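Take a look at the structure below.
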Amino acid sequence: MNEKIVKEAYTWLGTPHKNYAKVKGIGVDCGMLLIATLEGAGKVEKNSIKIKPYSNQWQLHRSEEWFKRYVEKYCDAIPLNSIKPGDFLLYQFGRCCSHGAVCVGDNMIIHAVVEQGVILSRMDDIMLFDAHGETRLRYAYRFRGDE
């Protein structure tokens, strides 16, 4: 468990969703939230992770897993049945993984959602399933420098 990442994720609750932003209380998207939690937990230096600008609908037009590749630069893949608090979860919306969340324990995640901002949700929330009732969760990752 990475308590520092979990603690930092909680401090972002209520921040509005804003594509490509990373300012607590002002705006953040789901991918930038993952970076912000690493920075706030002291795991990486602030602004050391550089992300190229992207559309908020990139996943509808590409199948390239670029979001996943960014996460894999800093984190190791773990089996979905070994998720712990502080791990990052990637969900597939559209043609590839395009949504990230921080596991905070007790079947709960913190993530940035369009029109809702940063919220606390259950891992089995209906929004995280497709129309056939299948989970959109595809991958779980643990920060490589996890204590």
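Taking +1 at the Cβ of each Lys and Arg and -1 at the Cβ of each Asp and Glu, which of MET108, TYR91, SER121 sits farthest along the dipole of the chain towards its positive end, judged by Cα position relative to the Cα centre?
Value: TYR91.
Please list, short to long, the whole-number percent of alpha-carbon pairs of the chain in consecutive 5 angstrom bins beginning at zero.
Here the calculated profile for the chain is 2, 10, 21, 25, 24, 13, 4, 1, 0.
Show me 21-32, 134-145, 86-97 ranked by packing, highest mean number of other Cβ atoms within 10 Å first.
Working: 21-32: 18.1, 134-145: 16.6, 86-97: 20.6.
My ranking of the peptides, most packed first, is 86-97, 21-32, 134-145.
Per residue of the chain, what 222 nm ellipticity follows from adding -39500 (n - 2.57) for every DSSP H run with n ≥ 4, rounded to the nearest 500?
Values: 3 runs with 27 residues, N = 147.
When only DSSP H runs of four or more count, the value is -5000 deg cm²/dmol.
About the Cα centre of the chain, how large is the charge dipole given +1 on each Lys and Arg Cβ and -1 on each Asp and Glu Cβ? Please answer in debye to the nearest 20.
Details: 20 positive and 18 negative charges, 104 e Å.
In total the dipole reaches around 500 debye.
What Kirkwood hydrodynamic radius do you get for region 79-118 when you take the inverse of the mean 1/r over all pairs of distinct Cα atoms, in Å?
Its Kirkwood hydrodynamic radius stands at 10.9 Å.
Counting only DSSP beta bridges with both residues in the chain, tell me the antiparallel percent, nearest 5. Let's see the in-between values first.
Working: 26 of 27 bridges.
Taking every DSSP beta bridge with both residues in the chain, the antiparallel ones total about 95 percent.
Please provide three numbers in whole Å: the alpha-carbon extents of region 64-147 along the principal axes, with the largest listed first.
So the three principal-axis extents are 35, 32, 25 Å.
Would you grab the residues whose amide H sits under 5 Å from the one on VAL113? Only those 5+ places off in sequence or on another chain, please, with H modelled 1.01 Å from N.
Long-range HN contacts for VAL113: VAL118, ILE119.
Laboratory data are not the source of any read-out in this text; all were calculated from the coordinates shown. Just so you know, these numbers come straight off a predicted model, no measurement behind them. In this analysis, Cβ positions are derived from the backbone assuming ideal geometry, glycine residues included, and neighbour counts consider all displayed protein chains.
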